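> Can you keep this structure in mind? I'll have questions shortly.
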Amino acid sequence: MLATEVPATEVPTAEVPATAAQAVAVIPVPKKPTPRKKRTLRVARPAPPADAPRVLAIDGLVKRFGPNTAVDGISLDVRAGSFFGLVGPNGAGKTTTLSMVTGLLRPDAGTVRIHNIDAWDNPRAAKRATGVLPDRLRLFDRLTGAQLLYYSGVLRGLDNRTVRERSADLIAAFGLEDAVDRLVADYSAGMTKKIALACAMIHSPRLLVLDEPFESVDPVSAANLTDILERYVAGGGTVVLSSHGMDLIERVCDSAAIIVAGRVLAAGTLDEVRGGQTLEDRFVELAGGRKAAEGMEWLHSFSD
Ligand SMILES: Nc1ncnc2c1ncn2[C@@H]1O[C@H](COP(=O)(O)OP(=O)(O)OP(=O)(O)O)[C@@H](O)[C@H]1O
């Protein structure tokens, strides 16, 4: 094989040049995109039966921001015991949809029912059944992690003893033992996600709505978090999460929806949505395909 044909990842160590300038000269630029490896399509768990009760029923949701229609008639059903993944390109309307589901943003049209309760007519009852991890975390970050958990528990009407017991369990499950006595303002992004998720779970809601729960979370913590959520679902809970991590969605979710430009382009069990492809390929296909990286020759002109 000629040196120019060696994929970058296979350049033998002995041939790696000493300087960055030399490295630029020999690292081969593949002429054609390498064909993507076929992956075995697995399903994390079977989706709940089609006649399982609907924990979340979204019907004809619309949200406009001035001339921009962010959510354009989204309808979705999420069944009890489902681990449901919402995917879509940047600006597709995922956060706007989840904000309307969780009572953070009033819809222009459409309805949201949580356990058959209209979330906008009866927000108190709907919120009692829901735990939320919003996109832009606005936490009372001048509290310590332990204080924030305590506050979340009592706000949800739990008694002192229950809050303390559940806080201890959550702190151990999320590996926050060393951080609970520090101010949340001083937490890293991943730690903040974890404490916010613990707060969302403390009142043992039937439905968890999580916007990008794995963003900024390290792989070990992500695996722990996945375990916690899987146990929650196995115990009868329902999770709806948004994520850009297609592998993660395929690994943990049984059902999914692909949202593009404020509309649902595919929804159902993971297999129905993927249609025999990987979720990523199906997503890219529906979201408009890969963009050719041409017309950016200036990027190789290097200012130095
Ligand atoms: N408060 C707002 N005011 C004006 N426009 C908004 C507002 N919130 C969202 N939008 C617009 O609505 C559209 C959908 O945004 P949204 O945040 O729901 O997308 P998303 O799918 O969550 O994107 P990402 O994956 O990048 O987080 C975008 O065009 C966004 O600019």
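> Please identify which residues in region 208-226 have an amide N closer than 14 Å to a label point set 7 Å out from the Cα of A189, following the Cα→Cβ vector.
Under 14 Å, as judged by backbone N against the label point of A189, lie 212-219 of region 208-226.
> Next up: On full extension of the chain, what length is gained from Y151 through Q277, given 0.36 nm per residue of separation minus the C-alpha to C-alpha distance? Could the numbers behind the result be given before it?
Working: separation 126, 0.36 × 126 = 45.36 nm, distance 4.53 nm.
Full extension of this stretch gives 40.8 nm more.
> Mind listing the long-range amide H neighbours of V71? Cut-off is under 5 Å, sequence gap 5 or more, other chains count too, H placed in the peptide plane at 1.01 Å from N.
Amide H neighbours of V71: K63.
> Would you mind calculating the gained length between R142 and A125 on full extension (0.36 nm times residue separation, minus the Cα-Cα distance), in nm to one decimal?
The span from R142 to A125 would gain 3.2 nm if fully extended.
> May I ask you to list the residues of region 118-135 whose amide nitrogen lies under 18 Å from a point 7 Å from Cα along the Cα→beta-carbon direction of L105?
Within reach of a label on L105, which here means backbone N under 18 Å from a point 7 Å along Cα→Cβ, region 118-135 contributes 119-120, 132-135.
> In whole Hz, what ³J(HN,Hα) sequence does region 95-106 give by Karplus (6.51, -1.76, 1.60; θ = phi - 60°), x for Gly and Pro?
For region 95-106, the Karplus curve yields 4, 4, 5, 5, 5, 6, 5, 9, x, 8, 8, 7 Hz.
> Once the other residues with Cβ under 11 Å from the Cβ of I58 are scored (Lys, Arg +1; Asp, Glu -1), what is the net sum?
0
> Another question, then. How far is it, in nm, from the label point at D178 to the one at R64 when both lie 7 Å from their Cα along the line to the Cβ?
In this crude spin-label approximation the distance works out to 5.3 nm.
We did not get these values from a lab; they are worked out from the coordinates using the rules stated. Just so it is clear, the model here is predicted, and its values are computed rather than measured. Cβ: placed from backbone, ideal geometry, glycine included. Neighbour counts: every protein chain shown.
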